[in-house]
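The values are calculated or read from the model by the stated rules, or taken from the named source; none is laboratory data. Computed from a predicted model, the values in this text were never measured in an experiment. Positions of Cβ are generated from backbone atoms using ideal geometry, with glycine treated the same way; all protein chains shown enter the neighbour counts.
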Amino acid sequence: PVTAPLRISVIGTGYLGATHAICMSELGFDVVGVDVDPDKARRLSEGEVPFFEPGLEALLRKNLETGRLAFTTSFADAADADVHFLCVGTPQRPDSGAADMTYVDGAVEALLAAGPKAGSLLVGKSTVPAGTAVRLAGWLAREAPEVDLAWNPEFLREGFAVEDTLRPDRLVFGLPADDEWYGVADRTDLGVQTGRRERVEATLRAVYATALASGTPAVVADFATAELVKVAANAFLATKISFINAMSEVCEVAGADVKTLASALSYDTRIGGRFLGAGLGFGGGCLPKDIRAFQARAAEIGAGDALRFLDEVDTVNLRRRTRTVELAIHLLGGGAAGRRVAVLGAAFKPNSDDIRDSPALDVADTLRRSGARVTVYDPAAMVNAARKFPDLRYAAGVSEAVADADIVLHLTEWADFREIEPSLLTSLVRRPVIIDGRNTLDPQRWRDAGWIYHALGRPNV
Ligand code: UGA
């Protein structure tokens, strides 16, 4: 069903790019993934996914065997592709919080130097500040006018990357305008570029034919709207989480229960129940950096006031971490020095080994800096955690982590932790005290097993 002759290149094979490359070859396309990091390209070529993502490695191996999928460091290998997906990272700049565009610009420069073929399409997927696509379109108009540009943001979630890529809930196609040369004055006399918009849309529809055939809606937009959909979606999700965490703060002083509150709210279909999980708040490589970059960009273009609330969303989110540290110190009797703290969870969320801006490790390291002896266990993120936080201690399992602990902190909601039998841990710890930073353990089970169970935003009876 798919136009298999299309050749695709994916530039940048991090989380997004590697997943996209593998899934595109699964759909039957010839795909080459290009990365400046030789180690990444080598590992992927050998059938190893350099991060934890359920189902992805099996799909990688299967498609490497077909010969349809390859990884390289050479942009020359991408030059004859019909469609180039731009999937490089846009990390937070430490100075301003704005997005660092070094990798985006470097990738476009390298692609242009390799000589992309006439009529090929560059498709931006990276999360970028509004205005980037117009800028890149101007760059192409000057240096490679025969190459088209589209903006097609990506909404995949870590842990569900394959599912979200093969069966996305929506597609957004940011298309160029026929009568625009994107600021390149010496081309405007060439007039309207008849059929450009249709051509670009048709190529995107061919690439996504399988999803479209199964009913995935495609929203067609201009460049700026397509760029904004991505950051608006993440800003909304972050706001939803901080909203329920703000309610959690109120619940704590009002003696109310945020879980019951959220459950009652969720029956209102206008509100819905997803992303109303109160707890330690959001982390990861996307939500925190995206809301900061969005604010920075809005301020630059004169809409700073409109996004001032995102400052508060960020503040509420970080205050959950402080609150967890303070509650732990309080339950330790007022000081952390010399006390043993067991931390269950290191990844920023379950089913991931990603520790970027992980709330769990932030809390663990803050307690360590306050003098506690902190031992961490996570089912997948130990190697990454130990690399970034070498001063924390690491245990091989839950029992080893909690041995002699004065307090246990549950900070990433892995299913494994939900299944712990609390009575088996009671005799291992020095004091059976637990803070459930994710509100996913069963308070009754822990209390019945003799534990002092504390949660965020819930009465601690
Ligand atoms: C997020 C978005 O959900 C994706 O749609 C988007 O494509 C991606 O960012 C991106 O921009 O690349 P992801 O970072 O994988 O995906 O993680 P989420 O599942 O959104 O979780 C983010 C954080 O929010 C986690 O730390 C999680 O623990 C926290 N969270 C989530 C809560 O605290 N409460 C909730 O109810 C839900």
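Kindly provide the set of residues from region 356-385 that are charged (D, E, K, R) and either within 15 Å of the ligand (Cβ to nearest atom) or assigned by TED's automatic domain parsing to the domain that holds TYR15 (or both), ordered by number.
ARG356, ASP357, ASP362, ASP378
Can you name the residue in region 124-163 that is more than 16 Å from the ligand (Cβ to nearest atom) and assigned to a strand (DSSP E or B) and, of all such residues, is nearest to the chain's Cα centre (by Cα)?
ALA150
From ALA396, ALA346, which residue is touching a Leu at 6+ places or on another chain (Cβ under 6 Å) and not in a helix (DSSP H, G or I)?
ALA346
For region 427-439, indicate whether the set of residues that are crowded, with 22+ Cβ neighbours inside 10 Å and part of a helix (DSSP H, G or I) is non-empty.
no
Out of the residues in region 252-273 that are assigned to a loop (DSSP other than H, G, I, E, B) and of a type outside the set (Gly, Ala, Ser), state the one that is surrounded by the most Cβ atoms within 10 Å (Cβ to Cβ).
As a first pass, look at region 252-273 and keep what is assigned to a loop (DSSP other than H, G, I, E, B): 255-257, 267-273.
Okay, now just the ones that are also of a type outside the set (Gly, Ala, Ser), so 257, 267-271.
Details: ASP257: 17, TYR267: 9, ASP268: 9, THR269: 7, ARG270: 5, ILE271: 14.
Among residues in region 252-273 that are assigned to a loop (DSSP other than H, G, I, E, B) and of a type outside the set (Gly, Ala, Ser), the one surrounded by the most Cβ atoms within 10 Å (Cβ to Cβ) is ASP257.
Read through the list (1) in contact with a Lys or Arg (Cβ under 9 Å, 6 or more places away or on another chain); (2) within 16 Å of the ligand (Cβ to nearest atom); (3) of a type in the set (A, V, I, L, M), then give the number of the only condition that VAL32 fails.
Here VAL32 clears every test but (2).
Restricting attention to region 399-426, and to residues there that are part of a helix (DSSP H, G or I) and in contact with an Asp or Glu (Cβ under 9 Å, 6 or more places away or on another chain), which single residue is surrounded by the most Cβ atoms within 10 Å (Cβ to Cβ)?
That would be PRO422.
Tell me, which residue of region 244-272 that is in contact (Cβ under 8 Å) with a residue 40 or more places away in the chain and within 11 Å of the ligand (Cβ to nearest atom) is farthest from PHE52 (Cα to Cα)?
So, considering only residues that are in contact (Cβ under 8 Å) with a residue 40 or more places away in the chain and within 11 Å of the ligand (Cβ to nearest atom), the one farthest from PHE52 (Cα to Cα) is SER248.
Can you pull out every residue in region 165-187 that is outside any helix (DSSP H, G or I) and without any contact (Cβ under 8 Å) to a residue 12 or more places away in the chain?
Result: no residue meets the conditions.
Quick one: how many residues across region 330-343 are in contact with a strand residue (DSSP E or B) (Cβ under 7 Å, 6 or more places away or on another chain) and either outside any loop (DSSP other than H, G, I, E, B) or crowded, with 24+ Cβ neighbours inside 10 Å (or both)?
Adding up the residues that qualify gives 5.
Considering each residue of region 91-134, count those that are in contact with a Cys (Cβ under 9 Å, 6 or more places away or on another chain) and of a type in the set (A, V, I, L, M, F, W, C), and give that number.
Residues in region 91-134 being in contact with a Cys (Cβ under 9 Å, 6 or more places away or on another chain) and of a type in the set (A, V, I, L, M, F, W, C): 1 in total.
Among the residues of region 274-316, which ones are surrounded by fewer than 23 Cβ atoms within 10 Å (Cβ to Cβ) and either among the polar types (S, T, N, Q) or not in a helix (DSSP H, G or I) (or both)?
ARG274, PHE275, LEU276, GLY277, GLY284, GLY285, ILE301, GLY302, ALA303, THR315
Can you tell me which residue among PHE236, PHE282, PHE275, PHE294 is under 16 Å from the mean Cα position of the chain (by Cα), within 12 Å of the ligand (Cβ to nearest atom) and on the phi > 0 side of the Ramachandran plot?
PHE275
Quick one: would you say VAL104 is of a type in the set (A, V, I, L, M, F, W, C), outside the structural domain of ARG356 (by TED's automatic domain parsing), in a loop (DSSP other than H, G, I, E, B) and surrounded by 15 or more Cβ atoms within 10 Å (Cβ to Cβ)?
On the way: of a type in the set (A, V, I, L, M, F, W, C): yes; outside the structural domain of ARG356 (by TED's automatic domain parsing): yes; in a loop (DSSP other than H, G, I, E, B): no; surrounded by 15 or more Cβ atoms within 10 Å (Cβ to Cβ): yes.
In short, no.
Please enumerate the residues belonging to region 205-233 that are closer than 30 Å to ARG292 by Cα, more than 16 Å from the ligand (Cβ to nearest atom) and part of a helix (DSSP H, G or I).
PHE223, ALA224, THR225
Is it true that some residue in region 380-396 is more than 24 Å from ARG320 (Cβ to Cβ) and polar (S, T, N, Q)?
no
Would you point out the residue of region 157-169, among those that are touching a helix residue (DSSP H, G or I) at 6+ places or on another chain (Cβ under 9 Å) and surrounded by fewer than 21 Cβ atoms within 10 Å (Cβ to Cβ), that is nearest to LYS349 (Cα to Cα)?
Checking each candidate, the answer is ARG157.
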